[in-house]
Amino acid sequence: MSYMKRNKGFSLVELSIAIVIVGILIAMGMKMLIPLVERTKRAATREAVDAAVAAVIGFAETNNRLPSDLEFPGVVRNSKDVWGKDLIYLHDINLEVADSVCARNTTGISLKTCASSGCATPVDTTGDVAFLVLSGGANQNVQTNTGVSPVKVYNMGLPGIDDYAAVLNRPEAYDDIVERVVLPELRVKTGCLGSLLNILTIEIPSGFVLSDYITNIFASGGVAWDDSVATPGDTDTADDYRWCVTGTLPIGLSYVCNGTLAVSASCAWDAATATETGTWQQCTHLEISGAPTEDGAFSLPVFVRDNADNTAQRTFGMSISQVVGLHICTDYRVWNQESASRYFVNGGGCYDIATGGEITTVATGGLLQNGEVIVRHTGGGCGGSDASINYNQAIFADNNADCCVNHDQSDKTCP
(Lines give C-alpha, C1' and ligand atoms only; values in the text may rest on other atoms or scores of the structure.)
Protein backbone atom coordinates (compact mmCIF):
# COMPACT_ATOMS: atom_id res chain seq x y z
CA MET A 1 0.00 0.00 0.00
CA SER A 2 1.38 3.32 -0.98
CA TYR A 3 0.80 6.65 0.67
CA MET A 4 0.70 9.90 -1.20
CA LYS A 5 2.36 12.87 0.67
CA ARG A 6 0.19 15.89 0.66
CA ASN A 7 1.32 19.58 1.21
CA LYS A 8 -1.18 21.64 3.09
CA GLY A 9 -1.07 25.54 3.26
CA PHE A 10 -2.95 28.12 5.33
CA SER A 11 -6.58 28.37 4.77
CA LEU A 12 -8.10 31.78 4.11
CA VAL A 13 -9.51 31.85 7.64
CA GLU A 14 -6.16 31.03 9.20
CA LEU A 15 -4.40 33.65 7.11
CA SER A 16 -6.91 36.26 8.15
CA ILE A 17 -6.43 35.40 11.82
CA ALA A 18 -2.64 35.65 11.41
CA ILE A 19 -2.90 39.08 9.77
CA VAL A 20 -5.12 40.34 12.58
CA ILE A 21 -2.68 39.08 15.22
CA VAL A 22 0.28 40.72 13.47
CA GLY A 23 -1.68 43.98 13.22
CA ILE A 24 -2.46 43.88 16.93
CA LEU A 25 1.20 43.24 17.74
CA ILE A 26 2.31 46.13 15.50
CA ALA A 27 -0.27 48.45 17.07
CA MET A 28 0.88 47.47 20.56
CA GLY A 29 4.47 47.99 19.52
CA MET A 30 3.71 51.42 18.11
CA LYS A 31 1.98 52.44 21.34
CA MET A 32 5.09 51.41 23.24
CA LEU A 33 7.41 52.95 20.68
CA ILE A 34 5.84 56.43 20.51
CA PRO A 35 6.55 57.35 24.18
CA LEU A 36 10.05 55.95 23.77
CA VAL A 37 10.63 58.17 20.73
CA GLU A 38 9.24 61.20 22.57
CA ARG A 39 11.46 60.52 25.58
CA THR A 40 14.46 60.25 23.28
CA LYS A 41 13.60 63.52 21.55
CA ARG A 42 13.04 65.23 24.88
CA ALA A 43 16.40 64.00 26.19
CA ALA A 44 18.09 65.20 23.00
CA THR A 45 16.48 68.63 23.34
CA ARG A 46 17.53 68.92 26.98
CA GLU A 47 21.05 68.14 25.86
CA ALA A 48 20.75 70.91 23.24
CA VAL A 49 19.50 73.35 25.89
CA ASP A 50 22.30 72.36 28.30
CA ALA A 51 24.86 72.71 25.49
CA ALA A 52 23.52 76.20 24.69
CA VAL A 53 23.78 77.18 28.37
CA ALA A 54 27.38 75.91 28.49
CA ALA A 55 28.19 77.86 25.32
CA VAL A 56 26.79 81.10 26.79
CA ILE A 57 28.80 80.56 29.97
CA GLY A 58 31.90 79.97 27.86
CA PHE A 59 31.26 83.21 25.97
CA ALA A 60 30.86 85.06 29.28
CA GLU A 61 34.09 83.56 30.61
CA THR A 62 36.00 84.89 27.59
CA ASN A 63 34.27 88.26 27.27
CA ASN A 64 33.04 89.03 30.82
CA ARG A 65 29.60 89.75 29.38
CA LEU A 66 26.64 87.86 27.94
CA PRO A 67 25.95 87.58 24.22
CA SER A 68 23.14 89.68 22.75
CA ASP A 69 20.08 88.18 21.09
CA LEU A 70 21.74 88.63 17.70
CA GLU A 71 24.96 86.97 18.89
CA PHE A 72 23.25 83.99 20.54
CA PRO A 73 22.75 81.81 17.39
CA GLY A 74 26.43 82.19 16.50
CA VAL A 75 27.60 81.42 20.04
CA VAL A 76 25.77 78.10 20.47
CA ARG A 77 26.54 74.98 18.41
CA ASN A 78 22.88 74.36 17.64
CA SER A 79 20.23 77.03 18.20
CA LYS A 80 17.28 74.70 17.40
CA ASP A 81 15.66 71.82 19.26
CA VAL A 82 15.04 68.37 17.73
CA TRP A 83 11.67 69.52 16.44
CA GLY A 84 13.41 72.22 14.38
CA LYS A 85 12.17 75.13 16.53
CA ASP A 86 14.45 77.97 17.67
CA LEU A 87 15.66 77.86 21.26
CA ILE A 88 14.50 80.88 23.27
CA TYR A 89 17.26 82.94 24.93
CA LEU A 90 16.34 85.40 27.70
CA HIS A 91 18.96 87.47 29.53
CA ASP A 92 19.42 90.68 31.50
CA ILE A 93 20.48 93.18 28.83
CA ASN A 94 22.62 95.01 31.42
CA LEU A 95 24.92 91.98 31.29
CA GLU A 96 25.65 92.64 27.61
CA VAL A 97 27.82 95.59 28.65
CA ALA A 98 31.59 95.06 28.67
CA ASP A 99 32.94 93.71 32.00
CA SER A 100 29.40 93.58 33.40
CA VAL A 101 29.35 89.99 34.70
CA CYS A 102 32.02 90.64 37.29
CA ALA A 103 30.82 94.19 37.97
CA ARG A 104 27.22 93.41 38.95
CA ASN A 105 25.64 91.37 41.73
CA THR A 106 21.95 91.83 40.88
CA THR A 107 19.77 91.41 37.78
CA GLY A 108 16.30 92.43 36.71
CA ILE A 109 15.05 88.88 36.11
CA SER A 110 13.49 86.51 38.62
CA LEU A 111 11.84 83.13 38.07
CA LYS A 112 8.90 81.41 39.77
CA THR A 113 8.16 77.70 39.72
CA CYS A 114 4.37 77.25 39.68
CA ALA A 115 2.09 74.33 40.56
CA SER A 116 -1.12 76.07 39.39
CA SER A 117 -2.11 78.22 36.43
CA GLY A 118 -2.61 81.31 38.58
CA CYS A 119 0.67 80.73 40.45
CA ALA A 120 -0.83 82.35 43.54
CA THR A 121 1.57 80.37 45.73
CA PRO A 122 4.85 79.63 43.89
CA VAL A 123 6.65 76.43 44.72
CA ASP A 124 9.93 78.32 44.51
CA THR A 125 11.21 81.79 43.57
CA THR A 126 14.69 82.42 42.19
CA GLY A 127 16.10 85.94 42.00
CA ASP A 128 19.01 87.51 40.11
CA VAL A 129 18.67 85.23 37.07
CA ALA A 130 21.42 86.10 34.57
CA PHE A 131 19.94 84.20 31.62
CA LEU A 132 17.81 81.24 30.64
CA VAL A 133 17.45 79.01 27.57
CA LEU A 134 14.26 77.12 26.75
CA SER A 135 12.56 74.91 24.17
CA GLY A 136 8.83 74.71 23.48
CA GLY A 137 8.96 70.93 23.90
CA ALA A 138 7.16 68.18 22.01
CA ASN A 139 4.00 70.22 21.46
CA GLN A 140 6.20 72.79 19.66
CA ASN A 141 4.37 75.51 21.57
CA VAL A 142 6.39 77.87 23.78
CA GLN A 143 4.25 78.34 26.88
CA THR A 144 6.65 80.33 29.10
CA ASN A 145 6.22 84.10 29.07
CA THR A 146 9.71 85.53 28.64
CA GLY A 147 8.49 89.11 28.19
CA VAL A 148 8.02 89.97 31.88
CA SER A 149 9.67 89.28 35.23
CA PRO A 150 9.11 87.13 37.17
CA VAL A 151 9.20 84.43 34.50
CA LYS A 152 6.75 81.66 35.38
CA VAL A 153 7.83 78.06 34.83
CA TYR A 154 5.15 75.44 35.50
CA ASN A 155 5.23 71.86 36.70
CA MET A 156 5.51 69.46 33.77
CA GLY A 157 2.12 68.34 32.44
CA LEU A 158 0.08 71.09 34.15
CA PRO A 159 -2.93 71.58 31.82
CA GLY A 160 -4.24 74.80 30.27
CA ILE A 161 -0.98 76.80 30.15
CA ASP A 162 0.14 79.29 27.50
CA ASP A 163 1.73 82.52 28.75
CA TYR A 164 3.88 83.17 25.68
CA ALA A 165 2.42 86.11 23.78
CA ALA A 166 4.65 85.99 20.69
CA VAL A 167 2.68 83.22 18.94
CA LEU A 168 -0.93 82.03 18.73
CA ASN A 169 -2.44 81.40 22.15
CA ARG A 170 -2.90 77.64 22.55
CA PRO A 171 -3.36 76.54 26.19
CA GLU A 172 -2.37 72.91 26.71
CA ALA A 173 -0.32 70.71 29.01
CA TYR A 174 2.94 72.49 29.90
CA ASP A 175 6.04 70.78 28.49
CA ASP A 176 8.64 73.55 28.01
CA ILE A 177 12.25 72.58 28.73
CA VAL A 178 13.86 75.42 30.71
CA GLU A 179 17.39 75.85 32.06
CA ARG A 180 18.37 79.00 33.99
CA VAL A 181 21.66 80.36 35.40
CA VAL A 182 21.72 82.85 38.28
CA LEU A 183 24.30 85.62 38.43
CA PRO A 184 26.26 84.31 41.45
CA GLU A 185 26.68 80.97 39.64
CA LEU A 186 27.73 82.76 36.44
CA ARG A 187 30.27 84.86 38.34
CA VAL A 188 31.86 81.75 39.84
CA LYS A 189 31.92 79.85 36.54
CA THR A 190 33.45 82.80 34.67
CA GLY A 191 36.15 83.23 37.31
CA CYS A 192 35.26 86.69 38.62
CA LEU A 193 37.91 87.67 41.13
CA GLY A 194 36.44 90.99 42.27
CA SER A 195 34.31 91.07 45.42
CA LEU A 196 30.62 91.86 45.51
CA LEU A 197 29.38 95.18 46.85
CA ASN A 198 28.92 94.99 50.60
CA ILE A 199 28.92 97.18 53.69
CA LEU A 200 32.30 96.52 55.23
CA THR A 201 31.49 97.84 58.71
CA ILE A 202 30.00 95.09 60.88
CA GLU A 203 28.89 97.08 63.94
CA ILE A 204 29.03 100.59 65.36
CA PRO A 205 30.05 101.62 68.89
CA SER A 206 27.69 102.56 71.70
CA GLY A 207 27.64 106.08 73.13
CA PHE A 208 26.63 108.20 76.09
CA VAL A 209 24.16 111.02 76.46
CA LEU A 210 25.75 114.47 75.85
CA SER A 211 29.12 112.89 75.01
CA ASP A 212 30.67 113.59 71.62
CA TYR A 213 30.10 110.69 69.26
CA ILE A 214 31.55 109.89 65.83
CA THR A 215 31.81 106.70 63.80
CA ASN A 216 32.21 105.84 60.11
CA ILE A 217 30.51 103.21 57.96
CA PHE A 218 32.48 101.93 54.95
CA ALA A 219 31.55 99.96 51.82
CA SER A 220 33.76 97.79 49.62
CA GLY A 221 33.61 95.81 46.39
CA GLY A 222 31.36 96.39 43.44
CA VAL A 223 32.10 99.27 41.05
CA ALA A 224 32.65 102.53 42.91
CA TRP A 225 32.41 105.97 41.34
CA ASP A 226 35.85 107.24 40.38
CA ASP A 227 36.57 110.29 42.51
CA SER A 228 40.00 111.20 41.17
CA VAL A 229 38.88 114.82 41.41
CA ALA A 230 37.04 115.83 44.56
CA THR A 231 33.46 116.91 44.01
CA PRO A 232 32.02 120.00 45.77
CA GLY A 233 31.57 119.22 49.45
CA ASP A 234 33.53 115.97 49.13
CA THR A 235 36.97 116.78 50.46
CA ASP A 236 38.72 113.52 49.63
CA THR A 237 39.58 111.96 46.28
CA ALA A 238 38.83 108.33 47.21
CA ASP A 239 36.30 106.32 45.22
CA ASP A 240 32.68 107.00 46.15
CA TYR A 241 29.44 105.11 46.79
CA ARG A 242 25.91 106.42 47.14
CA TRP A 243 24.24 106.15 50.55
CA CYS A 244 20.68 106.27 51.87
CA VAL A 245 19.39 105.76 55.43
CA THR A 246 16.10 105.04 57.17
CA GLY A 247 15.11 104.60 60.82
CA THR A 248 15.46 107.11 63.65
CA LEU A 249 18.75 108.42 64.99
CA PRO A 250 19.03 109.53 68.63
CA ILE A 251 18.33 113.25 68.99
CA GLY A 252 21.60 115.13 68.69
CA LEU A 253 23.18 112.80 66.13
CA SER A 254 23.28 113.28 62.34
CA TYR A 255 24.30 111.34 59.26
CA VAL A 256 27.02 113.05 57.23
CA CYS A 257 27.76 112.22 53.59
CA ASN A 258 29.00 115.17 51.54
CA GLY A 259 26.88 117.30 53.88
CA THR A 260 24.06 116.26 56.19
CA LEU A 261 22.20 113.21 54.85
CA ALA A 262 18.47 113.34 55.60
CA VAL A 263 16.73 110.23 56.90
CA SER A 264 14.30 108.75 54.32
CA ALA A 265 11.06 106.86 54.80
CA SER A 266 12.38 104.21 52.38
CA CYS A 267 15.46 103.62 50.23
CA ALA A 268 15.38 101.84 46.87
CA TRP A 269 17.02 101.89 43.45
CA ASP A 270 15.19 100.89 40.27
CA ALA A 271 17.87 100.16 37.67
CA ALA A 272 15.35 99.78 34.85
CA THR A 273 14.10 103.36 35.23
CA ALA A 274 17.23 104.79 36.89
CA THR A 275 15.04 106.01 39.77
CA GLU A 276 16.10 106.53 43.37
CA THR A 277 13.51 106.29 46.14
CA GLY A 278 14.54 108.30 49.19
CA THR A 279 17.47 110.68 49.60
CA TRP A 280 20.77 109.32 48.24
CA GLN A 281 24.05 111.20 48.48
CA GLN A 282 27.49 110.31 47.14
CA CYS A 283 30.62 110.17 49.29
CA THR A 284 33.46 107.84 50.23
CA HIS A 285 31.93 106.70 53.53
CA LEU A 286 28.98 107.48 55.78
CA GLU A 287 29.58 109.29 59.08
CA ILE A 288 27.40 109.42 62.21
CA SER A 289 28.37 112.26 64.54
CA GLY A 290 27.12 114.68 67.18
CA ALA A 291 26.26 114.54 70.88
CA PRO A 292 23.14 112.47 71.64
CA THR A 293 20.65 113.95 74.09
CA GLU A 294 18.50 110.84 74.56
CA ASP A 295 19.26 107.33 75.65
CA GLY A 296 17.91 104.02 74.39
CA ALA A 297 18.41 101.32 71.76
CA PHE A 298 18.11 102.34 68.11
CA SER A 299 17.85 100.37 64.85
CA LEU A 300 19.61 102.08 61.94
CA PRO A 301 19.11 100.60 58.42
CA VAL A 302 21.83 101.75 55.98
CA PHE A 303 21.75 101.27 52.20
CA VAL A 304 24.57 101.66 49.67
CA ARG A 305 24.77 101.30 45.89
CA ASP A 306 27.56 101.41 43.34
CA ASN A 307 28.04 102.57 39.75
CA ALA A 308 26.86 99.23 38.32
CA ASP A 309 23.35 99.29 39.87
CA ASN A 310 24.30 96.94 42.70
CA THR A 311 22.84 97.59 46.15
CA ALA A 312 23.62 96.32 49.64
CA GLN A 313 21.97 96.89 53.02
CA ARG A 314 22.81 96.39 56.68
CA THR A 315 20.92 97.33 59.83
CA PHE A 316 23.07 98.56 62.70
CA GLY A 317 22.14 98.52 66.36
CA MET A 318 23.10 101.60 68.39
CA SER A 319 22.95 101.85 72.18
CA ILE A 320 23.05 105.25 73.92
CA SER A 321 23.35 105.21 77.73
CA GLN A 322 22.99 107.88 80.35
CA VAL A 323 26.05 109.00 82.28
CA VAL A 324 25.90 107.48 85.78
CA GLY A 325 24.24 109.94 88.18
CA LEU A 326 22.98 112.20 85.38
CA HIS A 327 19.27 112.99 85.40
CA ILE A 328 17.66 114.28 82.22
CA CYS A 329 14.41 116.26 82.05
CA THR A 330 12.50 116.88 78.86
CA ASP A 331 12.49 120.63 79.72
CA TYR A 332 13.87 122.97 82.38
CA ARG A 333 12.72 126.03 84.35
CA VAL A 334 15.35 128.78 84.45
CA TRP A 335 15.78 131.72 86.89
CA ASN A 336 17.64 135.03 86.90
CA GLN A 337 20.10 134.65 89.76
CA GLU A 338 21.66 138.12 89.26
CA SER A 339 21.42 140.76 92.00
CA ALA A 340 19.58 143.04 89.58
CA SER A 341 17.12 142.77 86.74
CA ARG A 342 18.47 141.72 83.36
CA TYR A 343 17.19 141.39 79.81
CA PHE A 344 16.85 137.85 78.42
CA VAL A 345 15.92 136.53 75.00
CA ASN A 346 13.73 133.44 75.33
CA GLY A 347 11.66 131.97 72.52
CA GLY A 348 12.37 134.91 70.21
CA GLY A 349 11.18 137.62 72.61
CA CYS A 350 13.22 140.08 74.71
CA TYR A 351 12.13 140.32 78.37
CA ASP A 352 13.23 142.31 81.43
CA ILE A 353 13.37 139.76 84.28
CA ALA A 354 13.70 140.99 87.85
CA THR A 355 16.31 139.58 90.18
CA GLY A 356 15.23 136.17 91.42
CA GLY A 357 12.53 135.99 88.74
CA GLU A 358 11.81 132.96 86.58
CA ILE A 359 12.79 133.56 82.95
CA THR A 360 10.80 130.62 81.57
CA THR A 361 7.39 131.84 82.80
CA VAL A 362 7.24 134.66 80.23
CA ALA A 363 4.26 134.28 77.95
CA THR A 364 6.03 133.71 74.59
CA GLY A 365 9.11 131.99 75.97
CA GLY A 366 8.36 128.73 77.67
CA LEU A 367 10.52 126.04 79.25
CA LEU A 368 14.04 125.36 78.01
CA GLN A 369 13.97 122.29 75.76
CA ASN A 370 16.38 120.35 73.60
CA GLY A 371 17.97 122.54 70.92
CA GLU A 372 17.00 125.81 72.61
CA VAL A 373 19.09 128.52 74.29
CA ILE A 374 18.30 131.48 76.60
CA VAL A 375 20.60 134.48 76.11
CA ARG A 376 21.31 137.21 78.73
CA HIS A 377 21.95 140.76 77.50
CA THR A 378 23.89 143.63 79.06
CA GLY A 379 22.77 147.24 79.22
CA GLY A 380 19.27 148.38 78.51
CA GLY A 381 17.31 146.18 76.15
CA CYS A 382 18.63 143.29 74.06
CA GLY A 383 21.37 145.06 72.12
CA GLY A 384 24.26 142.91 73.31
CA SER A 385 24.82 139.56 75.03
CA ASP A 386 27.20 138.34 77.69
CA ALA A 387 26.01 134.85 78.71
CA SER A 388 23.71 132.02 77.72
CA ILE A 389 22.47 128.62 78.82
CA ASN A 390 21.37 125.78 76.53
CA TYR A 391 19.52 122.55 77.18
CA ASN A 392 22.64 120.38 77.54
CA GLN A 393 24.18 122.82 80.03
CA ALA A 394 20.96 122.76 82.04
CA ILE A 395 21.19 118.97 82.30
CA PHE A 396 24.62 119.14 83.93
CA ALA A 397 23.57 122.04 86.19
CA ASP A 398 20.56 120.16 87.59
CA ASN A 399 22.34 118.28 90.37
CA ASN A 400 19.22 117.73 92.50
CA ALA A 401 17.28 116.41 89.50
CA ASP A 402 14.22 118.61 89.97
CA CYS A 403 14.40 120.24 86.48
CA CYS A 404 15.09 123.75 87.85
CA VAL A 405 18.37 125.69 87.27
CA ASN A 406 19.79 129.21 87.33
CA HIS A 407 20.84 131.02 84.17
CA ASP A 408 24.50 131.01 85.33
CA GLN A 409 24.43 127.18 85.12
CA SER A 410 24.14 126.63 88.84
CA ASP A 411 21.55 124.37 90.42
CA LYS A 412 18.34 125.69 91.96
CA THR A 413 15.67 124.02 94.04
CA CYS A 414 12.27 124.39 92.51
CA PRO A 415 10.01 126.62 94.64
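The values are calculated or read from the model by the stated rules, or taken from the named source; none is laboratory data. Quantities reported herein were computed from a predicted structural model and do not represent experimental measurements. Note: ideal-geometry Cβ built from the backbone for every residue, glycine included; neighbour counts use all protein chains shown. Note: accessible area is taken over every heavy atom of the protein model, side chains too, but ligands, DNA and RNA are not part of it. Shrake-Rupley method; radii C 1.70, N 1.55, O 1.52, S 1.80 Å.
Here are the numbers for this structure:
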{"read-out": "Positions within the range 111-127 being open to solvent by 30 Å² or more (accessible area, probe 1.4 Å) and either hydroxyl-bearing (Ser, Thr, Tyr) or at pLDDT below 90 (or both), in sequence order", "value": "THR113, SER116, SER117, GLY118, ALA120, THR121, PRO122, VAL123, ASP124, THR125, GLY127"}
{"read-out": "Residues that are assigned to a loop (DSSP other than H, G, I, E, B) and surrounded by 15 or more Cβ atoms within 10 Å (Cβ to Cβ), drawn from the range 84-96", "value": "LYS85, LEU87, ASP92"}
{"read-out": "Looking only at the range 65-86, and only at residues there that are in contact (Cβ under 8 Å) with a residue 40 or more places away in the chain and touching a Gly at 6+ places or on another chain (Cβ under 9 Å), the one that is nearest to GLU179 (Cα to Cα)", "value": "ASP81"}
{"read-out": "Top-ranked residue in the range 169-197 [being surrounded by fewer than 16 Cβ atoms within 10 Å (Cβ to Cβ) and without any contact (Cβ under 8 Å) to a residue 60 or more places away in the chain; ranked as farthest from CYS114 (Cα to Cα)]", "value": "SER195"}
{"read-out": "Residue that is touching a residue at least 40 places away in the same chain (Cβ under 8 Å) and among the small types (Gly, Ala, Ser), where the choices are ALA166, ALA130", "value": "ALA130"}
{"read-out": "Output for the range 133-159, where each listed residue is in a strand (DSSP E or B) and either free of Cβ contacts under 8 Å to residues at least 60 places away in the same chain or open to solvent by 20 Å² or more (accessible area, probe 1.4 Å) (or both)", "value": "LYS152, VAL153, TYR154"}
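Residue by residue, here is whether (1) surrounded by fewer than 19 Cβ atoms within 10 Å (Cβ to Cβ); (2) assigned to a helix (DSSP H, G or I); (3) at pLDDT below 85 holds:
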| residue | (1), (2), (3) |
| --- | --- |
| ALA312 | no, no, no |
| ALA363 | yes, no, yes |
| GLY384 | yes, no, yes |
| ASP402 | yes, no, no |
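One line per residue, one yes/no per condition, for (1) within 22 Å of ALA224 (Cα to Cα); (2) part of a strand (DSSP E or B); (3) more than 14 Å from the chain's Cα centre (by Cα):
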{"position": "TRP269", "(1), (2), (3)": "yes, yes, no"}
{"position": "THR279", "(1), (2), (3)": "yes, no, yes"}
{"position": "SER299", "(1), (2), (3)": "no, yes, yes"}
{"position": "ASP309", "(1), (2), (3)": "yes, no, no"}
